[in-house]
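Working notes, structure below.
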Amino acid sequence: MEYLSGVKLQRELPEGSYLKDLPPVRYLTEGNELRFDRPVTFLVGENGSGKSTLLEAIAVACGFNPEGGTRNFRFATRETHSELGEYLTPIRKGYPRDGFFLRAESFYNVASSIDEMDEGGILGPRVIDSYGGVSLHRQSHGESFLALVKNRFGGEGLYLLDEPEAALSPSRLLTLLCEMRRLVERDSQFLIATHSPILMAYPGARLYQMGETGVHAVDYRETEHYQLTKRFLEDPERMLHYLLMG
């Protein structure tokens, strides 16, 4: 299910905005729409290519808290998100029952916000019960990520994940792939910014590679991440000699 079928710019960014130099913003500024025509879409590219900035802006345009969480989260520790979300228009095919914006860099703040809501003494079920019943701060980073996906993601949802591999071991990344399949079968959609060749291998996913040449839909094995990782694993000694010995 594709609740979000794409995004476009509703108006041009201000003159001199640094955002206009980012590959995905240049692509949208040229009048293109970025289409999400499959249940799982990956945004890939080098550091600084704009994939996380774009994902954050899409989340904001869809009503999510810039620091992560559901649409009901309204905490703010520091205003660091870009203004791009104010200029994007989501192209919708429907409205999901569930949704979550997961940011690896600010997940600690999400976990703290959940604890604070429960400590506030509000009547009714504890918020943490929807996340497995154990404070996310009492688990490892990776355990808390998977607890979120397994317990809070309920299906029929739009899930935006920014570099989820940051906290996960290779075996846990395989677990995440299984959880993604479970949720896709329950009419969910994923939009993920990632560097992980393991995650990018999700069957049938759309991959957009972002870089100096623009934004291009690519095959999994055409991504720089796959090719570099493959070369390294096939002959690490040779690669390390080349890198370290000149």
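Residue under question is H81, and the condition is that it be at pLDDT below 90 and either touching a Pro at 6+ places or on another chain (Cβ under 6 Å) or under 29 Å from G48 (Cβ atoms) (or both); does it hold? Spell out how you get there, then give the answer.
On the way: at pLDDT below 90: yes; either touching a Pro at 6+ places or on another chain (Cβ under 6 Å) or under 29 Å from G48 (Cβ atoms) (or both): yes.
Yes; evaluated as a whole, the condition is true for this residue.
What are the residue pairs meeting all of these: first residue in the range 89-117, first residue over 17 Å from K150 (Cβ atoms), second residue among the basic types (K, R) and modelled with pLDDT of 65 or more, Cβ atoms under 7 Å, and 6 or more apart or on different chains?
Close Cβ pairs (under 7 Å, with a partner that is among the basic types (K, R) and modelled with pLDDT of 65 or more) amount to T89/K8; I91/K8.
Okay, residues lined up against (1) touching a Ser or Thr at 6+ places or on another chain (Cβ under 7 Å); (2) open to solvent by 10 Å² or more (accessible area, probe 1.4 Å); (3) modelled with pLDDT under 90; (4) among the basic types (K, R):
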{"position": "F36", "(1), (2), (3), (4)": "yes, no, no, no"}
{"position": "L43", "(1), (2), (3), (4)": "no, no, no, no"}
{"position": "I58", "(1), (2), (3), (4)": "no, no, no, no"}
{"position": "F73", "(1), (2), (3), (4)": "yes, yes, yes, no"}
{"position": "E116", "(1), (2), (3), (4)": "no, yes, yes, no"}
{"position": "Y131", "(1), (2), (3), (4)": "no, no, yes, no"}
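Look at L168 and say whether it is at pLDDT below 95, at negative phi and surrounded by 14 or more Cβ atoms within 10 Å (Cβ to Cβ). I'd like the intermediate steps shown before the answer.
Values: at pLDDT below 95: yes; at negative phi: yes; surrounded by 14 or more Cβ atoms within 10 Å (Cβ to Cβ): yes.
Criteria met by L168.
For the range 171-187: of the residues being more than 23 Å from L34 (Cα to Cα) and acidic (D, E), which is least open to solvent (accessible area, probe 1.4 Å)?
Of everything passing the filter in the range 171-187, E179 is least open to solvent (accessible area, probe 1.4 Å).
Do we have M239 as over 30 Å from T29 (Cα atoms) and either touching a Phe, Trp or Tyr at 6+ places or on another chain (Cβ under 6 Å) or open to solvent by 40 Å² or more (accessible area, probe 1.4 Å) (or both) here?
On the way: over 30 Å from T29 (Cα atoms): yes; either touching a Phe, Trp or Tyr at 6+ places or on another chain (Cβ under 6 Å) or open to solvent by 40 Å² or more (accessible area, probe 1.4 Å) (or both): yes.
Criteria met by M239.
Report yes if some residue within the range 183-194 is modelled with pLDDT of 95 or more, of a type in the set (F, W, Y) and closer than 27 Å to G63 by Cα; otherwise report no.
Restricting attention to the range 183-194, the residues satisfying the condition of being modelled with pLDDT of 95 or more are 183-194.
From what is left, the residues that are of a type in the set (F, W, Y) are 190.
With closer than 27 Å to G63 by Cα added as a condition, the list becomes 190.
Yes; the residues of the range 183-194 include at least one that is modelled with pLDDT of 95 or more, of a type in the set (F, W, Y) and closer than 27 Å to G63 by Cα.
Please find, within the range 188-220, the residue that is nearest to G157 (Cα to Cα) out of those that are among the small types (G, A, S) and surrounded by fewer than 24 Cβ atoms within 10 Å (Cβ to Cβ).
For the range 188-220, the residue satisfying everything is A205.
Can you name the condition, by its number, that G154 falls short on among (1) part of a loop (DSSP other than H, G, I, E, B); (2) loosely packed, with under 13 Cβ neighbours inside 10 Å?
(2)
When you scan the range 8-29, how many residues do you find that are touching a helix residue (DSSP H, G or I) at 6+ places or on another chain (Cβ under 9 Å) and assigned to a loop (DSSP other than H, G, I, E, B)?
The total comes to 7.
The values are calculated or read from the model by the stated rules, or taken from the named source; none is laboratory data. All of these numbers come straight from a predicted model, not from anything done at the bench. A quick note on method: Cβ atoms are made from the backbone with ideal geometry, for glycine too, and the neighbour counts reach across all protein chains shown. Areas reflect the complete protein model, heavy atoms only, side chains present, ligands, DNA and RNA absent. Shrake-Rupley method; radii C 1.70, N 1.55, O 1.52, S 1.80 Å.
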